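What follows is a single structure, written as C-alpha cells, with notes after it.
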Amino acid sequence: MEKIQEGPENDRKEQRVPQKQHLTGCLLSAAFFGALGSSFLYGYNLSVVNAPAKDIKAFYNLTWLSRYGEPAAAETLTLLWSVTVSIFAIGGLVGALVVSYLIKVLGRKGTLLANNSLAVIAALLLALGEKARSFEMLIIGRFIIGMDSGISLSALPMYLGEISPREWRGSIGQVNAVFICLGVFTGQLLGLPEIFGHVSRWNFLFVFLAVPALLQLCTLPFLPESPRFLLMERRDEARAEKAFKVFLGKTDVSAELEEVHAESRAQNTLQMASALELFRNRAVRWQTITVIVTMACYQLCGLNAIWYYTNGIFEAAGFNKATIPYITLSTGGIETLAAVASGLVIERIGRKPLLIFGFSAMAVCFTLLTIFLHFQDSFSWMPYLSFISILAVIASFCSGPGGIPFVLTGELFEQSYRPAAFMVAGVVNWLSNFAVGLLFPFIQNALQTYAFMVFVVVCVLGAVYLLIVLPETKNKTFVEISQSFSKINKISQMPDKEMEDVFPVKPGQVEIGDGLKGQTASPNDINSFTNDINIKDSNAVEMESSF
C-alpha cells in the first residue's frame, strides 16, 4: 500500500473534514433555561387569554359598574377587551425596537437576564389587577409582557446561534420553536375548567408567568456569555476562549477562535451597523429582503388567525362548545410534536427544504379546510375533516416555518449586522402579528368560508421566493453564508478582502503583518498567498459558483 506523503496539502484536506462536535451539558442547559424564560413565555401568552376571556370581560364590567354606577356599554367592553389582547403585539414591537441597543450594552445573556424583570412585573400586575379592581393593571401588564416577548424573541435566537457549533446550530435554534409550542400547550392546559380556567382561579394563570422567569434568573448567571460577543465586540479573548471551552467541552478551541477572527477580518466594518445602514448596504441587501419576507410569511401564513380565533373556527365547524377546550388542547400537542420532529431532522434535511415544504403543505391544507368549511352543512362528518385539516396546518407550520425564520435571521448576517437584522425581523414580526389579529375578523366577514384562501396566496408566494433566492445554510460558517449571497447582491466577494485587513497595502509596496512585520512582498507574492487562501476556502467558492 502506498504511503500517503504528509505535507501542507494533506494538512489542508484534514482541516476541511472537521470532527462532529458533541452536545455538552452546558450548551443544552443554556438552550433549555434560555428558552424556558423567553420563548416559552411568548407561546404561553399567545394562548393564555383564550380560556378566561369571558371571566375577564365579566371582571371589566363589574369594575366599570362599581366606578360609574352602571354597566359598561357593549361597545366599551369590546374595546377594552380588544385593547387587552392587541396591546401584547404593541409591547412586542416596542421590545423589538429597543433590543439591538440592549444587546450592545448588556450582551446576549445579560439582556435575557434583565428581561426577566419585565416578566415578573407583568405577572404581578396581571395577577393583582382583580384584587385592586383595576382593568388598567391588566392592560399595562399585557403591554409589559409583550415587551418581554419582543426582546426575548430576538435576544434568545441570537444567543443560541452564537454559542452553538455550526453542525448543531439548526437543532439548537429549533429549541426556540419547541418552547413556543410548549408555552402554547401549557396555556391551553392550565386554562382548562378543572385547573385555572374558572371564574375564581383565572388570575393564577398570570401568576404562573413569574415561574419560568425566576427559574431562568436562578440558572443563566452560571452559564457563559456568547463567546462571539466577548471576542468581537468586547475584545476579551480570554473570556471568549473560556466560554468556548465550557460550551464545547474541549480544551483546544483554537479553530473556533480563528473562525471568529476570520469573520472579524472579513467584515466590511467592525462597528455595529444600524437598521438604516442595513438597508443601505448592498452587500446585505438580499439577506435583509429574505429575512423580511420570511418573517412576514411566518406571521401572515395564517396560523395566528387559527390561534386567535380557534373557538370561533371550531364552533363554525359544528363542534360542541363544551368539548372545544379539549379539542384545542390537542392542537397544542400536535404543534409541540411537530416542532420536536423538525428539530431532530433539520441538520439532515436542511433549512430551505423544510421551509418550502412547510409553506407548501400549509397552502394545500388551507385549501382543503376552505372546501370542508364550505360543505360543512351538507354532511354530518364534514366537521371532523375540518378538524384534521387544522391539525395538518399546525403540523406543517411547525415542521419548518414555525422556528427556522429565527434561525435564519442569525445565520444570514455576520456579527456587525446581526443586532440590526434581529431588530428589523422583530419589527416585521410584530407588525404582521398585529395586522392578522386586527384584520382577520373583517376578512372573515367579507369572504366567509373563503377567508383562508388569503393565507394560501401568502404561503405559495413565500415558498416560491425561498425556492428561488434562499441558499442552504446548514453546516456553513457565517462568512460562507454571506459569500453565497455575493452573486445575487452583485458584489465581488474576494478572498483577499480578508487579507487586505491583515496586510495593509501602501503605494508601491505591501507590508506583511504579524510574524513577518517589517518585510515587504511583491504583487506576485500576494497572488501566491491568495491562491493558498482560495484552496483553503474552496467550499465558499464552490457555493458562490453554484448559486
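The values are calculated or read from the model by the stated rules, or taken from the named source; none is laboratory data. Please read these numbers as outputs of a predicted model, since none were measured by experiment. Because the Cβ atoms are built from the backbone with ideal geometry, glycine has one as well, and the counts that use them run over all protein chains shown. The protein model used for the area step is the full one, side chains on, heavy atoms only, and it has no ligands, DNA or RNA in it. Shrake-Rupley method; radii C 1.70, N 1.55, O 1.52, S 1.80 Å.
Some points to look at:
- Cα-based shape type of segment 80-145, given that a ≥ b ≥ c are square roots of the gyration tensor eigenvalues and the cut on a/c is 1.5: oblate
- Between the beta carbons of Ser117 and Val83, assuming R0 = 30 Å, the FRET efficiency works out to 0.80 to the nearest 0.05.
- Long-range tail of P(r) for segment 249-389 (Cα pairs > 18 Å, %): 72 percent
- ³J(HN,Hα), Karplus 6.51/-1.76/1.60, whole Hz, each residue of segment 201-214, x for Gly, Pro: 10, 5, 5, 5, 4, 8, 4, 4, 4, 6, 5, x, 5, 5
- Translational diffusion coefficient of segment 355-412 (Stokes-Einstein, Kirkwood radius from Cα pairs, 10 °C, 1.306 mPa s): 129 µm²/s.
- Global dimensions of segment 380-450 from alpha-carbon coordinates: Rg and Dmax equal 17.2, 58 Å.
- Less than 5 angstrom separates the built amide H of Ala72 from those of Leu65, all sequence-distant by 5 or more or on a different chain.
- The calculated FRET efficiency for the pair His198 and Val460, based on their C-beta separation and a Förster distance of 41 Å, comes to about 0.45.
- Counting protein heavy atoms only, segment 132-291 has 63 percent of its accessible area on carbon and sulfur, 1.4 angstrom probe.
- All C-alpha to C-alpha distances of segment 73-117, sorted into 10 Å bins beginning at zero, yield P(r) values of 25, 34, 21, 15, 6 percent in whole numbers.
- With the simple spin-label model, which puts each label point 7 Å out from Cα in the Cβ direction, the Val105 to Val211 separation comes to 3.3 nm.
- Computed with a 1.4 Å probe on the full set of protein chains, the accessible area for His22 sits at about 150 Å².
- The phi-based Karplus calculation (6.51 cos²θ - 1.76 cosθ + 1.60; θ = phi - 60°) puts the 3J(HN,Hα) values of segment 87-98 at 5, 4, 5, 5, x, x, 5, 4, x, 5, 6, 9 Hz, whole numbers, x for Gly and Pro.
- Kirkwood Rh in Å, taken over segment 406-495 so that all alpha-carbon pairs contribute: 15.9 Å
- Rolling a 1.4 Å probe over the protein heavy atoms gives segment 29-168 an accessible area of 35 Å² per residue.
- Using heavy atoms of the protein chains and a probe of 1.4 Å, the accessible area assigned to Ser330 is about 40 Å².
- Between Ile371 and Gln448, residue separation times 0.36 nm minus the direct Cα-Cα distance comes to 26.5 nm.
- Pairwise FRET efficiency - Leu329 versus Ser29, Cβ, R0 = 35 Å, nearest 0.05: 0.75
- Inter-part distance where segment 193-220 and segment 388-436 are each reduced to a Cα centre, Å: 26 Å
- Relative contact order computed over segment 139-275 (Cα-Cα under 8 Å; 6+ residues apart), in percent: 17 percent
- Stokes-Einstein D for segment 106-197, Kirkwood Rh over Cα pairs, 25 °C, 0.890 mPa s (µm²/s): 163 µm²/s
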